[in-house]
Amino acid sequence: MAALFSPFTLRDVTFKNRIAVSPMSQYRAKDGHASSWHAVHLGRFALGGAGLVYAEATAVEAEGRRTHGDLGLWQDTQRDALRPIAEFISQEGSVPGIQLGHAGRKASERRPWHGETPVDGEDLAERNEVPWTAIAPSPIPYAEGWPAPAEMSEPDIERVIVAFGAAARRAHEAGFRIIEVYAAHGFLVHQFLSPIANQRRDRWGGSGENRRRFAVEVARSVRANWPEAYPLAFRLSATDWLEGGIEVEDAVETAKALKAVGVDMIDCSSGGIGGKDRPRRMVIEQGFQVPFAERVREDAGIASMAVGFLWDATVCEDLVSTGKADMIALARELLDDPNWPLHAAKDLEADENHGMWPIESGWWLMKRDRLLSKLGVR
Ligand SMILES: Cc1cc2nc3c(=O)[nH]c(=O)nc-3n(C[C@H](O)[C@H](O)[C@H](O)COP(=O)(O)O)c2cc1C
C-alpha cells in the first residue's frame, strides 16, 4: 500500500490519507461570511479524495483581515455560514480543517488581482471598500509604499489572543476537526516571531523566547477553546530567507515550544516577512521546503506537513514513505486538478478500480475503463 494513502491519526482524528488541501484564500467573502462559492471550492476537494481539506486563512477579528474578501470567525453568523461546508466535507469522508489568522501589518491589502498594494481611494470608489489602520508588533511598514502599522499595546495583544480562542470555539461549533494557526507568510503571528518585523523591547520581543511568546499564548488560547480530542497545527515560515530573520533552527525551537502547549503538527512553509522581491536565497524547485518539514519533524519530535511546489505523486509518495513528513499539502496543483488525490492513487496502484471515488462517479468510470480496455484504447 502506498504510504501516501495510508491513514494518519492525530489525537482522535484520523485522516484517510496523507494529502491535505493547503489553505487557499478566495477573497470572495462578504463581511467575513462564506457563501456557495466557498462550498463548491472546498467541496470539490473533498470529492477529489483529499484526506484533509483546510478552509482558507480566516480572520479572528475584522481588523485582522488581509483584504475585504477574507473569511472571518469573529461573529456567530460567520460560524453558521461555514457549518454546512464543514458538514459536507465530513460527510464525504475528509476531515474539515480551518486556518485561523490575523494579518497584522499586512491588513488592509488589495486582492492579488487588484495589485496586492494597500487599499486606497480606488477601492473605495469602485467597491466601496474602506482602508483601515493595521496593527503589528512594531510600527514598521510591510514594504516600501505601505503605511506604518500601529504598534500593538498590551491590551491589543491580549484582545487578539482572546479572539483566537473565541474563533477556535466557533470553528468547533461549525464542525471543523483540525485548526491550523497561520504563523507564516508575514502575517501577525509570524511578525511576532521574526526579528525583522518585531523590534519590541518588552516581554513580547528581543530574545527568541520573548518573540515566541505570542505564538505560544495564541496556542494556549486556542487549546483552551478546542476539544482535547482534536488536533491543533501551526503553519510556520521555517525561514525568512533573509539576513537577520528566522532560520530553521528558530523554527525548531518554536515547534518545541508549541508542542509543549498542545500543538500536534507543524506545516512547514517559508518566506513572506516583507518586501515585494523574492529573497535571493529562496530558490524555488519541486519540494524546496521539504527539508524544513524533515528537520522540524526530526529535531522537535513533532508531526510535520510538507508544502510548496509539489505535484508529482511519486515524489510525494517518496517523501512520506521515507519519513520526511507525515502529510503533504497541495494548493495550485489542486486548483489545476481537484481530483489529484484520486489520480495519484491510480498512479501509485493504491486504487485500481475507482473504488476510492464517490460511487456516483466511480461506478461509471470503472465501467468505462473496462470498455476502453476492450476497445484497446487503454
Ligand atoms: C489561491 C491561493 C491562495 C492562498 N491562500 C493561502 C492562505 O489563505 N493561507 C496560507 O497559508 N497560504 C495560502 N496560499 C499558499 C498555499 O497554501 C501554498 O502554501 C502555496 O501555494 C505553495 O503550495 P503549491 O505550490 O502547492 O501551490 C495560497 C495559495 C494560493 C495559490
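Only the coordinates and a few stated rules stand behind these numbers; no lab work does. The model shown is predicted, which means the values in this text are computed figures rather than measured ones. Cβ: placed from backbone, ideal geometry, glycine included. Neighbour counts: every protein chain shown.
Worth pointing out:
- Pair-distance profile P(r), taking every C-alpha pair of region 260-326, with 5 angstrom steps and integer %: 3, 17, 25, 21, 16, 11, 6, 0
- For peptides 299-310, 262-273, sequence by mean Cβ density within 10 Å, most packed first: 262-273, 299-310
- Degrees, to the nearest 10: 208-224 long Cα axis against longest axis of the chain: 60 degrees
- The C-alpha atoms of the chain define a longest principal axis, and helix 359-374 lies at about 50 degrees to it.
- Note on Val377 and Thr9: the extension gain reaches 128.4 nm, defined as 0.36 nm multiplied by sequence separation minus the Cα-Cα distance.
- Within the chain, antiparallel bridges make up roughly 10 percent of the DSSP beta bridges whose residues both belong there.
- At R0 = 22 Å, FRET efficiency that the Cβ-Cβ distance of Glu144 and Glu285 yields, to 0.05: 0.20
- For the chain, built as a Gaussian network whose Cα springs stay under 10 Å, the top-fluctuating residue of Pro137, Pro195, Pro358: Pro358
- Size of charge dipole - the chain - debye, nearest 20, with Cβ of Lys, Arg +1 and Asp, Glu -1, no other charges: 440 debye
- All-pairs alpha carbon distance profile, region 3-347, 10 Å steps from 0, percent: 6, 27, 37, 24, 5, 0
- Altogether, the Stokes-Einstein calculation at 10 °C and 1.306 mPa s, with the Kirkwood radius of region 1-83 over Cα pairs as Rh, returns a diffusion coefficient of 115 µm²/s.
- Taking Cβ atoms as reference points and 13 Å as the exclusive limit, the residues near Arg79 contribute a net charge of -1, counting Lys and Arg as +1 and Asp and Glu as -1.
- The chain: relative contact order as a whole-number percent, Cα under 8 Å and 6+ apart: 16 percent
- Span from the region 18-34 Cα centroid across to the region 299-378 one, whole angstrom: 22 Å
- Stretching the chain fully between Thr322 and Trp113 yields a gain of 71.3 nm (0.36 nm per residue, less the alpha carbon separation).
- Taken about its Cα centre, region 77-219 carries a charge dipole of roughly 500 debye when the Cβ of each Lys and Arg holds +1 and the Cβ of each Asp and Glu holds -1.
- Highest-first arrangement of 16-22, 167-173, 109-115, 79-85, where packing means the average Cβ count within 10 Å: 16-22, 167-173, 79-85, 109-115
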